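Trainee: Pasting a structure here, questions to come.
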Amino acid sequence: MMKTVSFKSVVLKTTVLHTGTYLIIGGLAYLLLDYPRKYADPSVAIFMRQTSDPWVQAGILFQPVRGFLLGCVFYALRDVIFSRKDGWLRLWAMLVIVGVITPFGPAPSSIEGVVYTNLPLWFHLMALPEIFIQTLLLSFLTHVWVNRSR
């Protein structure tokens with residue numbers, strides 16, 4: 001019988017990994033994709049805060065809250081995620097499909113965002129590599145770390 005994972009373990013590890021991967025991948029994307037220039041584009045600036053905005057600069061401070069909430073969901077789905085070898089892939093597919101491509105609002109890079117916002121298509125597509133890599137790392141590393149401690 002496989003040892004079950006604890007709520008505290010899943011939530012703590014998810015919070016740490018989400019915050020860390022968000023910081024690293026987001027920082028690399030910021031530098032490599034020249035976010036200050038792209039966010040200043042008039043077609044984007046009307047919808048998105050500028051990278052120099054204090055709220056944007058404080059964005060990393062909110063990531064532990066997101067990590068906690070994600071950890072709660074991961075724990076609720078623990079039998080599908082952590083008890084299977086391909087659980088990380090299932091988790092990543094869920095994050096990409098529900099969280100990126102089909103959220104319940106017109107977020108950039110989502111189907112709703114493309115349909116209902118005036119953001120240019122290049123902006124929607126530009127963010128996808130960052131989002132896919134960050135969610136992939138989060139999914140894989142969380143799966144490995146939680147299962148390693150069983």
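Trainee: Which count do you get for residues in the stretch 123-139 that are hydroxyl-bearing (S, T, Y) and under 9 Å from the mean Cα position of the chain (by Cα)?
Mentor: Total satisfying the criteria: 1.
Trainee: So M48 ticks every box in (1) part of a helix (DSSP H, G or I); (2) more than 17 Å from the chain's Cα centre (by Cα) but one. Which box is left unticked?
Mentor: (1)
Trainee: If I filter the stretch 20-30 for residues that are surrounded by 14 or more Cβ atoms within 10 Å (Cβ to Cβ), outside any helix (DSSP H, G or I) and touching a residue at least 24 places away in the same chain (Cβ under 8 Å), do I get at least one hit?
Mentor: So the first thing to find is which residues in the stretch 20-30 are surrounded by 14 or more Cβ atoms within 10 Å (Cβ to Cβ), and the list is 20-23, 25-26, 29-30.
The next check asks that each one be outside any helix (DSSP H, G or I); those that pass are none.
No, every residue in the stretch 20-30 fails to be surrounded by 14 or more Cβ atoms within 10 Å (Cβ to Cβ), outside any helix (DSSP H, G or I) and touching a residue at least 24 places away in the same chain (Cβ under 8 Å).
Trainee: Within the stretch 81-121, track down each residue that is touching a residue at least 40 places away in the same chain (Cβ under 8 Å) and part of a helix (DSSP H, G or I).
Mentor: Answer for the stretch 81-121, where residues must be touching a residue at least 40 places away in the same chain (Cβ under 8 Å) and part of a helix (DSSP H, G or I): I81, G87, W88, L89, L91, W92, L95.
Trainee: Examine the stretch 20-34 for a residue that is over 30 Å from R150 (Cα atoms) and among the charged types (D, E, K, R), and state whether such a residue exists.
Mentor: Yes, the stretch 20-34 contains a residue that is over 30 Å from R150 (Cα atoms) and among the charged types (D, E, K, R).
Read the figures in this text as sums done on the coordinates, not as results from a lab. It should be emphasised that the depicted structure is a prediction, and the values quoted were computed from it without experimental measurement. Cβ coordinates were reconstructed from backbone atoms using ideal geometry, including for glycine residues, and neighbour counts include every protein chain displayed.
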